[in-house]
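See structure below.
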Amino acid sequence: NAGVTQTPKFQVLKTGQSMTLQCAQDMNHEYMSWYRQDPGMGLRLIHYSVGAGITDQGEVPNGYNVSRSTTEDFPLRLLSAAPSQTSVYFCASSLAGGGARLFGPGTRLTVL
Amino acid sequence: DQQVKQNSPSLSVQEGRISILNCDYTNSMFDYFLWYKKYPAEGPTFLISISSIKDKNEDGRFTVFLNKSAKHLSLHIVPSQPGDSAVYFCAAQMTTDSWGKFQFGAGTQVVVTP
């Protein structure tokens, strides 16, 4: 198993540009989520999904969209990037019932 | 509203000694707690978890203690090793809400010195 994969590893955007951060898992995990990590803030939940076709907002959803058309993939879209979205983004997947909780390696995004 | 707090941003400990990391939470609905370890430029790695029906869980050198009345948990690492130098995050879940959602503390940077 590859675990949780994220692409790209690094990205620089200009204000107003759009892009999609990719996340995929091959463990058939029901739950997937996106977090951002900022200095001194820990990880904050952006959006999460409890299964294909079902998504919901987390703590800091503004400026981000998600969809979950398959169990494996959970892309995060920035429609119009802002400097405040400069952060490190982590995707995670989980099983219910105390099962594995795995994080991807992260995407470092800089918005100029 | 930070519902999970790690009030010590850093901890320095000698190799071979015990590391004790603390975490406090404010939401009594949290029923599952986890500790993660994170190296620079990597994603967090799951270390150990505890359900609210227990007060202690052990896995090798790592033990997590939960005090529900105080809304406090701690992670003990014995003995500490140089490879334990990392940032440690505690996280909490309301599994009645979703297994997919965590709330994280801000992290504690642990440095293990020779």
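Odds and ends about this structure:
- Rel. contact order, % - alpha carbon contacts under 8 angstrom, at least six apart, segment B:1-107: 34
- Taking label points 7 Å from Cα along the Cα-to-Cβ direction, residue B:58 and residue A:84 give a separation of 4.8 nm.
- A cut-off under 12 angstrom between Cβ atoms defines the neighbours of residue B:94, and their net charge, with Lys, Arg +1 and Asp, Glu -1, is -1.
- For segment B:2-114, the carbon plus sulfur part of the accessible surface works out to 51%, probe radius 1.4 Å.
- Three semi-axes of the equivalent ellipsoid, the protein assembly as shown, Cα gyration tensor, whole Å, largest first: 29, 20, 16
- Take segment A:48-112 with all the other protein chains still there, run a 1.4 Å probe, and you get 42 Å² of accessible area per residue.
- Accessible surface for chain B, divided over its residues, is 47 Å² per residue with a 1.4 Å probe.
- Local charge for residue A:93 was computed over the other residues whose Cβ lies under 12 Å away, with Lys and Arg +1 and Asp and Glu -1, and equals -2.
- If R0 is 41 Å, the Cβ-Cβ spacing of residue B:113 and residue B:27 corresponds to a FRET efficiency of close to 0.70.
- The residues packed around residue B:109, meaning those with a beta-carbon under 15 Å from its beta-carbon, carry a net charge of 0 if Lys and Arg are +1 and Asp and Glu are -1.
- Computed log10 I(q)/I(0) for chain A at 0.21 Å⁻¹: -1.12, from the Debye equation with unit scatterers placed on every C-alpha and solvent omitted.
- Taking every residue in B:92-105 and counting other chain Cβ atoms within 10 Å of its Cβ, the average works out to 6.
- Annotation: chain B has a Kirkwood hydrodynamic radius of 14.1 angstrom, from the mean reciprocal C-alpha pair distance.
- Length-normalised contact order of chain A in % [C-alpha pairs under 8 Å, at least 6 apart]: 35
- Computed over protein heavy atoms with a 1.4 Å probe, the carbon and sulfur contribution to the accessible area of chain A reaches 52%.
- Segment A:44-91: Cα Rg divided by the 2.2 N^0.38 Å rule of thumb: 1.14
- B versus A: buried accessible surface, summed, Å² (probe 1.4 Å, to nearest 100): 1700
The values are calculated or read from the model by the stated rules, or taken from the named source; none is laboratory data. Treat the numbers as computed from the prediction; the structure is a model and nothing was measured. A quick note on method: Cβ atoms are made from the backbone with ideal geometry, for glycine too, and the neighbour counts reach across all protein chains shown. All accessible areas refer to the heavy atoms of the entire protein, side chains included, with ligands and DNA or RNA removed. Shrake-Rupley method; radii C 1.70, N 1.55, O 1.52, S 1.80 Å.
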